[in-house]
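These notes are about the structure you will find just below.
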Amino acid sequence: MMMGLLALLLLLAFASLQLFCFADDDNNDDDVVFYESFEESFEGRWIVSNKDDYKGLWKHSKSEGHEDYGLLVSEKARKYAIVKVVDEPVSLKDGTTVLQFETRLQSGIECGGAYIKFLRPQEAGWKPEEFDNKSPYSIMFGPDKCGTTNKVHFIFKHKNPKNGEYVEHHLKYPPSVPSDKLTHVYTATLKLDKEVKIMIDGEEKKKANFLAAEDFDPPLIPAKTIPDPDDKKPEDWDDKEKIPDPNAVKPDDWDEDAPMEIEDEEAVKPEGWLDDEPEEIDDPEATKPEDWDDEEDGVWEPPKMYNPKCAIAPGCGEWKRPMKSNPAYKGKWSPPLIDNPNYKGVWKAREIPNPNYFELDKPDFEPIAAIGIEIWTMQEGILFDNILIAKNEKVAKSYRETKWKPKFEVEKERQQAEEEASGLDFLASIKRKVFNALYQIADIPFLSNYKPQILDHINKAEKQPNLTMGVLVSTVAIILTIFLKLIFGGKNQQCPRIETKPVPVVAETSDDQGSDGEKVEKAEKNEAAAAARRRRRET
């Protein structure tokens with residue numbers, strides 16, 4: 001009897017578990033609105049734009065080191081456009097919506113985008129083959145890096161209910177793009193409580209409120225009042241805070257004609273200066289080309305080269321005293337400035353009610369009717385994969401855990417093994433961590449006014465390895481300086497400038513002749529001559 005009862009209980013438990021699992025699977029299926037794994041070829045399912053500007057070749061390709069397929073940007077310096085129309089428009093107004101996709105910059109990236117446009121319903125007669133940068137979208141999301149631009153875009157277009165115009169709203173202070181060649185997963189979660197959350201590799205990087213003026217530019221809700229465009233500044237309005245002192249008189253001893261620089265009378269010609277030697281001489285190794293025609297080409301003259309005698313001497317040619325600053329120089333006199341007794345302040349037009357002002361409780365998003373990738377890039381090797389639209393954050397997390405994370409872990413291990421094999425493990429890992437830390441620091445909101453300059457110098461350090469250490473030190477210095485200034489305050493604070501010297505590059509052309517030894521010898525002569533010129537300037 002007991003055994004039968006126990007068997008019945010086990011059977012009921014098993015059946016309940018099965019029902020629970022099936023119910024959970026059904027919910028997950030319902031929560032997945034759109035999913036593209038690219039395991040099968042995109043041809044016939046995704047439509048490549050036939051517009052003339054978009055010549056980039058899309059390929060169905062495996063991710064490097066994996067058996068997993070993706071959509072590949074295969075050529076450099078091209079524009080690309082491809083679109084997939086969804087079966088039914090996806091509403092963004094009901095509950096949570098998660099937009100997620102993977103991208104891998106297999107060749108790295110110096111200038112290009114890897115973002116996705118979630119298109120709203122197009123005008124009547126629009127065809128997918130006509131997809132281009134003018135095709136209107138509801139949301140644009142994803143990484144973009146070029147020069148000082150280094151951000152994960154989140155842009156949405158919203159229709160003003162008063163005038164019917166669509167306005168493009170950009171997320172302020174978006175996170176930076178990871179600076180490596182690994183697969184990363186980007187997630188944007190839109191919630192009914194007006195919130196958007198941006199994640200990279202499952203880690204929250206940014207949270208914003210659609211209705212908050214400090215989170216989007218321009219704000220979703222327009223200003224209640226605007227300056228009256230018909231209001232004009234009165235002709236007698238004086239907005240000059242300072243004026244030249246009308247009672248000031250130029251001092252009698254003020255010499256406006258005194259030069260800025262004068263000869264240094266105390267300078268003495270260096271011992272060993274070669275007065276009779278020219279700085280440049282005819283190249284003794286140069287020969288007249290066999291096909292040179294004096295009548296057609298003119299009288300042939302050998303090319304010049306730096307005089308090797310000058311390289312070992314303080315200088316050559318006529319010696320002249322160097323110039324120095326003139327202590328008597330004052331320049332053009334101008335009267336000092338005083339407070340303007342008629343100053344009325346900065347004029348501003350009067351405020352009037354904004355005819356386009358509106359209020360709402362939450363964004364009125366247009367539905368997603370198609371998914372498009374429309375980019376311009378200087379890099380090849382950008383791979384898109386696992387594009388997902390879901391109505392449940394847990395579903396998106398599950399896809400990250402099962403689709404993205406295994407690939408990412410394999411790529412990290414392979415990268416570490418390659419670095420160890422090349423002996424660059426320690427330095428490369430430190431450098432990568434430093435760059436990632438600097439990008440995270442640049443994302444701090446209170447540094448937003450200085451972010452373009454900070455990113456510019458980080459970008460220089462990445463592109464010019466021989467300047468990396470100097471630029472990194474300078475970048476850290478600028479961040480610390482800004483931080484201290486913001487803490488201790490002060491008026492008219494300006495972001496300090498970081499100066500980096502250009503790296504000399506020796507250009508090699510097909511016209512270079514001679515052996516490697518001869519080239520080295522010439523380079524040494526030129527460097528010696530350059531050193532001599534520097535010494536003369538310092539004399």
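Just for the stretch 58-83: of the residues that are hydroxyl-bearing (Ser, Thr, Tyr) and open to solvent by less than 50 Å² (accessible area, probe 1.4 Å), which one is nearest to residue 373 (Cα to Cα)?
Initially, the stretch 58-83 is screened for residues hydroxyl-bearing (Ser, Thr, Tyr), giving 61, 63, 69, 74, 80.
After this cut, where a residue has to be open to solvent by less than 50 Å² (accessible area, probe 1.4 Å) as well, the list is 61, 63, 74, 80.
On the way: 61: 17, 63: 18, 74: 14, 80: 7 Å.
Here the answer is 80.
Pairing each residue of the stretch 366-380 that is among the β-branched types (Val, Ile, Thr) with any residue that is assigned to a strand (DSSP E or B) and open to solvent by 20 Å² or more (accessible area, probe 1.4 Å), provided the two are 6+ apart or on different chains, yields C-beta distances under 6 Å for 371/84. The listed residues are 157, 191, 181, and the only one of them that is in contact (Cβ under 8 Å) with a residue 24 or more places away in the chain, surrounded by 14 or more Cβ atoms within 10 Å (Cβ to Cβ) and touching a Gly at 6+ places or on another chain (Cβ under 6 Å) turns out to be 181. Of all residues in the stretch 194-203, those that are in contact with a strand residue (DSSP E or B) (Cβ under 6 Å, 6 or more places away or on another chain), assigned to a loop (DSSP other than H, G, I, E, B) and either open to solvent by less than 40 Å² (accessible area, probe 1.4 Å) or farther than 16 Å from residue 138 by Cα (or both) total 1.
Anything in the stretch 178-193 that is assigned to a strand (DSSP E or B) and touching a helix residue (DSSP H, G or I) at 6+ places or on another chain (Cβ under 8 Å)? List them, or say none. Result: 183, 184, 185, 187, 189.
Rundown of residues vs (1) in contact (Cβ under 8 Å) with a residue 40 or more places away in the chain; (2) under 30 Å from residue 224 (Cβ atoms); (3) open to solvent by 80 Å² or more (accessible area, probe 1.4 Å); (4) not in a loop (DSSP other than H, G, I, E, B), yes/no style:
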| site | (1), (2), (3), (4) |
| --- | --- |
| 258 | yes, no, no, no |
| 295 | no, no, yes, yes |
| 328 | yes, no, no, no |
| 342 | yes, no, yes, no |
| 359 | yes, yes, yes, no |
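Can you give me the ranges of the strands (runs of 3 or more DSSP E) entirely in the stretch 16-80 with at least 2 residues that are within 19 Å of residue 397 (Cα to Cα) and modelled with pLDDT of 95 or more? Steps first, answer last, please.
Working: elements: 32-36, 58-62, 69-73.
Ranges flagged: 32-36.
Of the residues 355, 244, which single one is out of contact with any Gly (no Cβ under 8 Å at 6 or more places or on another chain) and loosely packed, with under 10 Cβ neighbours inside 10 Å? After applying the criteria, what remains is 355.
For the stretch 213-222, check the following and say yes or no: at least one residue is surrounded by 12 or more Cβ atoms within 10 Å (Cβ to Cβ) and in a strand (DSSP E or B). Yes, the stretch 213-222 has at least one match.
The values are calculated or read from the model by the stated rules, or taken from the named source; none is laboratory data. Just so it is clear, the structure is predicted and the values come from calculations on it, not from any experiment. Quick reminder, even Gly has a Cβ in these numbers, built from the backbone with ideal geometry, and neighbours come from all protein chains shown. Surface areas here come from the heavy atoms of the whole protein model, side chains and all, with no ligands, DNA or RNA. Shrake-Rupley method; radii C 1.70, N 1.55, O 1.52, S 1.80 Å.
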